[in-house]
Amino acid sequence: MKITTVGLDLAKSVFQVHGADARGHAVVRKQLRREQLIGYFAALPPCLVGMEACSGAHHWARRLREFGHTVRLIPPQFVKPYVKSNKNDAADAEAICEAVGRPNMRFVAIKTVEQQSVLSIHRVRQGFVKARTAQANQIRGLLAEFGLIVPQGIGNIAQRVPSLIDDSGPLPVPMQQLLNGLLENMKALSGKIKELDVQIKSWHQSSDLSRKLEAIPGIGPLTASALVASIADARSFKNGRQVAAWLGLVPRQDSSGGKTKLLGMSKRGDTYLRTLLIHGARSAITAAQRCNKPNAWLAGLLARRNPNVAAVALANKNARTVWALLAHDREFQLNYVSLPVIG
């Protein structure tokens, strides 16, 4: 029987393949070693291949496309309901094969090598920022044990701690040496973050799409480059609200019996992107409040709601604007008003 749909369960060394024909009957169930995978799919007639969007998925999707296969990446949480009974590689591959054929299934856009490279820089930078914050908190905690209180903020550590650990300070010599070493490590982390910032800004300047997003108030080079690389293909989303929901910027629902109940924002999706958008929205709100002619929509929102609520609302709006610019190849217009569709 001809294989029309394949579910591929990815792993480091052993891959599980589940193939089905046009009627959905299982035709192939087999394991492949990593070195066998390319040869197997190169000999297989073009078909629909489904994989979970996990580590290595984008690489394998690009490779299998080279052989004429149609590749779809599925979020793992959407595959789980199709797993029968106990979990194992064969059951996972069968569930993927079943899920990829569903007409209403949602898929993840396949990223290019360039997009993955930019996202890797963002992830490493994010790790350095977390490490620097942890180092600053550790220094602050150690000083508190000796009754020396330093206010929160990375800048306060760099400005105030050196004067507390000099030879004339109240700390013993071993403690001074320890804190000097921690300060040097913190400075090294800051240097690495600055180096990655330069790389991100350089890529941002070379990308037309990223520079287009920078025109939106509240979105800078860091956020713009992360959004372009993460969204990949904006046309994979039906509308801007789907992008906002993907980022967790829409309310959670607990509706039943025809009664709609909206809760706080869902916080689903990528925490990093959501954080960048919300922090950027806070900066845009501060800039708007200083402006003599603030945005009417934003001014009205601030008059009705708490600034934190307004920041999330603006982040939601910016996410939808990002989709409109990327999906329809438009330029940002500050006072743009959409016209109703007639007919």
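How large are Rg and Dmax for the chain when calculated on the C-alpha trace, in angstrom?
25.3, 84
To the nearest whole percent, what portion of all C-alpha pairs in the stretch 214-328 is separated by more than 23 angstrom?
Details: 1998 of 6555 pairs.
Above the 23 Å cut-off, the stretch 214-328 has 30 percent of its Cα pairs.
Considering only DSSP beta bridges whose two residues both sit in the chain, what percent are antiparallel, to the nearest 5? Spell out each step's value before the answer.
On the way: 16 of 25 bridges.
Counting DSSP beta bridges with both partners in the chain, the antiparallel share is about 65 percent.
Can you pick out the pairs among K12/K238; K12/K212; K80/K267; K12/K130; K80/K317; K238/K259 whose Cα atoms lie more than 30 Å from each other?
Numbers: K12/K238 33 Å; K12/K212 38 Å; K80/K267 21 Å; K12/K130 28 Å; K80/K317 32 Å; K238/K259 26 Å.
Violating the 30 Å limit, Cα to Cα: K12/K238; K12/K212; K80/K317.
Quote the relative contact order of the chain in percent (integer), defining contacts as alpha-carbon pairs under 8 Å separated by 6+ residues.
Values: 447 pairs, mean separation 39.9, N = 343.
Over the chain, the number comes to 12 percent.
Can you pull out the trypsin sites (Lys or Arg not before Pro) in the stretch 5-77 that DSSP calls coil and that have at most 10 other Cβ atoms within 10 Å?
Working: sites: K12, R23, R29, K30, R33, R34, R62, R63, R65, R72; in loops: K12, R23.
Here the trypsin sites (Lys or Arg not before Pro) that fit, given the DSSP loop and packing criteria, are K12, R23.
Can you show me the helix-derived [θ] at 222 nm for the chain, built from DSSP H runs with n ≥ 4 at -39,500 (n - 2.57) apiece and divided by the number of residues, rounded to the nearest 500.
-17500 deg cm²/dmol
How high is the relative contact order of the stretch 190-239? Use alpha-carbon pairs under 8 Å, at least six apart in sequence, and give a whole percent. Please report the intermediate quantities before stating the final value.
On the way: 26 pairs, mean separation 14.6, N = 50.
The normalised contact order for the stretch 190-239 reaches 29 percent.
For the stretch 1-152, what value does the Rg/Rh ratio take when both radii are computed over Cα atoms and Rh is the Kirkwood radius, given to two decimals? Kindly include the intermediate steps, with their values, before the conclusion.
Working: Rg = 21.6 Å, Rh = 17.8 Å.
Looking at the stretch 1-152, the ratio lands at 1.22.
Extending each Cα 7 Å along its Cβ direction at C291 and H279, get the distance between those two points in nm, one decimal.
Taking the simple label geometry, C291 and H279 are separated by 2.2 nm.
Return the ratio Rg/(2.2 N^0.38 Å) for the stretch 113-206, where Rg is computed over Cα atoms only.
Values: Rg = 16.6 Å, N = 94, 2.2 N^0.38 = 12.4 Å.
Rounded to two decimals, the normalised Rg is 1.34.
For the stretch 5-100, what does the relative contact order come out to in percent, with C-alpha contacts under 8 Å and a separation of six or more?
Details: 173 pairs, mean separation 31.6, N = 96.
It rounds to 33 percent for the stretch 5-100.
Counting just the Cα atoms, what span does the stretch 127-264 cover along each of its three principal axes? Round to the nearest Å and put the largest first.
67, 48, 22
Would you list, by chain and number, the lysines whose Cα falls below 22 Å from the Cα of K84, excluding same-chain residues fewer than 8 positions away?
Filter leaves K30.
Are there GluC sites (Glu not before Pro) in the stretch 1-68 that DSSP puts in a loop and that have at most 10 other Cβ atoms within 10 Å, and which ones?
Working: sites: E35, E52, E66; in loops: E66.
Answer in residue order: E66.
No lab work stands behind these numbers, since they all come straight from the coordinates. The structure displayed is predicted, hence computed values, not measured ones. Using ideal geometry, Cβ is built from the backbone for each residue, glycine included, and neighbour counts are taken over all protein chains shown.
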